[in-house]
Amino acid sequence: MNARVIDPRQPPHNSEAERQLLGGLMMANDVASVISEQLAPEQFHIAEHRRIFAEIVRLASEGRPANPVTLKGAFASDEKIAGDAPIRYIMGLAADPAARHVMEDYARSIADLAARRALIGIGEEMMSSAYTAPLHESADDMAAAAEQALMSLRIGAGQDALSGAPGAVVARLSAQMRARMDGKGVPIPKTGLSDFDRDLSFERGDLTVLAGRPAMGKTQVQVAFARRMARKGFNVELFSFEVRAEQIMARLVAAEMAMSHNPLTYGAIYRGELDSEEFAAYERFAEAASKLPVTIHDRAGQTAAQIEATLRARKAHLERQGKSLDIAFIDHLGLMRMGARYGGNRNMEIGEVTATLKQAARRLDCTIVLLSQLNRAVETRDNKRPILADLRESGNIEQDADNVIFLYRPAYYDEKDPKYLAGDPDFIDMAEARKHDLEIIIAKNRIGPTRTHTAFLNIAHNDLAEKTDRSRA
């Protein structure tokens, strides 16, 4: 193969390598399947070479010979290929084939040059955006878009072809099943609510939506889940656009103290309403909470692309320490900053966010839990429990999410009920019996059942537990 000559006025490519690889494949059809796992037609620089390569791969995959005679039919309507008659051009390729032992090297070189051309395109787009983007589009947005493009570039088409082959998929599934059966699989974050965990699994690559009306306990449940998972050694990233990091930490400490001899509310902790004995107890539990593998990000108004960029940086940091990025919580969708491309069309903006976060979970191989606040339509019904239809006016949330969980606290509505306000003793007894009930409604579950679980939630202490026995994670 000739040495590369990089001309700054032309996109980097090696026509000779492309020609010789195609000629070699015509002479050794059995290599086509291997090369097609490393190289996609669009990675050839010369358009005619893309078509010839695709036809060779197609014929070889069907068990038919791919040679000048069989290939010419695919180009019967072409008067010329690269200035020559099709059959003459194809025969010229076959006359100068690459040797079998160098074909994979040629394929890697062609793929690398394609990546270089893509990098040039990304760089040119970045430069053009920096010059011409409207002032309301921030530099952060442009940098995040560039990061997404660079990440997509690293996911090669050949890799996708290899990993999607039926044999490869079955092999991965079997290996995953054996590992989990032997207790050696990649651990899945658990909430510690045993019945709920049996039904719903926070799988890597999944987007789970946790939704409810205000005051249903979304932030409390998020913090409780994060704490329970972190105590099992999972690395948790927590994005909070509504509550500051110090308030999140106050909730974590309150949850740690909930079953102690001297429990404190997170409000008292955050406001500093403690006596000396309480402060001494707080310090002991705060030290334990500070050691949990939970990283809190409270910078307001981030975009989905910025969140992904942050998670990618955290993943790299954790992996350098021999750890993994396991799960990220985002609180909440309504406070995320949307891009300007849809001109304020909220449904399309939300659809872009959920699609981006779903792809981010897959690219980063982690779980993402997105909190969402439901609109007032719930309040117009007699039964205030949320249903999937409550999401259908909000972009593609239901479509993009792998799992949808709704939260419902009867106590919130009991305290507003006319019977409660009138002092009805039977109603008050019922309300008292369920004042700490939290209904966790699994409304969508890609790999499990949909049903409702009732847990115990003490809002003031950020204390989430099994309703039956209040066991701790």
*Quick one: length gained pulling Asp96 to Lys435 fully straight, 0.36 nm per residue minus the C-alpha distance?*
113.9 nm
*Where does helix 15-27 land angle-wise versus the long Cα axis of the chain, in degrees 0 to 90, nearest 10?*
80 degrees
*Return the long-range amide H neighbours of Arg451 (sequence gap of 5 or more, or a different chain), with a cut-off of under 5 Å between placed amide H atoms.*
Ile442
*Stokes-Einstein at 20 °C, 1.002 mPa s, Kirkwood radius from Cα pairs: D for region 75-147 in µm² s⁻¹?*
131 µm²/s
*What share of Cα pairs, in percent, lie more than 18 angstrom apart in region 254-334?*
58 percent
_I want to check the label-to-label distance for Glu415 and Arg178. Put each point 7 Å from Cα in the C-beta direction and report it in nm to one decimal._
5.6 nm
*Grab the beta carbon distance between Arg446 and Met27, set R0 = 45 Å, and tell me the FRET efficiency rounded to 0.05.*
0.45
*Please identify every one of the GluC sites (Glu not before Pro) in region 60-104 that sits in a loop by DSSP and has no more than 14 other beta carbons within 10 Å of its own beta carbon.*
Glu62, Glu79
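How long is the gain from Ala389 to Glu319 if the chain were fully straight, where each residue apart is worth 0.36 nm and the alpha carbon distance is subtracted?
Values: separation 70, 0.36 × 70 = 25.20 nm, distance 4.00 nm.
Gain on stretching Ala389 to Glu319: 21.2 nm.
Determine, for each peptide in 379-386, 297-304, 361-368, the mean count of other beta carbons within 10 angstrom over its residues, then list the peptides with the highest first. Numbers along the way, then the final one.
On the way: 379-386: 12.0, 297-304: 16.8, 361-368: 21.1.
Listed from highest to lowest mean packing, they are 361-368, 297-304, 379-386.
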_Need one number: nm distance between label points at Asp365 and Ile87, each 7 Å from Cα along Cα→Cβ, rounded to one decimal._
5.1 nm
*Taking the Cα-to-Cβ direction at Asp424 and at Val34 and moving 7 Å from each Cα, how far apart do the two end points lie in nm?*
7.8 nm
_What is the distance in Å between the Cα centroid of region 87-116 and that of region 240-282?_
66 Å
*asked:* Let me test this: with uniform point scatterers at the alpha carbons of region 417-473, what is the Debye-based log₁₀ I(q)/I(0) at q = 0.19, 0.30 1/Å?
replied: -0.82, -1.08
*asked:* Among the listed pairs Lys435/Lys467; Lys444/Lys467; Lys232/Lys435; Lys323/Lys444, which have their C-alpha atoms separated by more than 21 angstrom in this model?
replied: Lys444/Lys467; Lys232/Lys435; Lys323/Lys444
_Mean projection area, nm², convex hull over Cα of the chain_ = 30.4 nm²
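Read the figures in this text as sums done on the coordinates, not as results from a lab. In this text, all values refer to a predicted model and were calculated from it rather than measured experimentally. Note: ideal-geometry Cβ built from the backbone for every residue, glycine included; neighbour counts use all protein chains shown.
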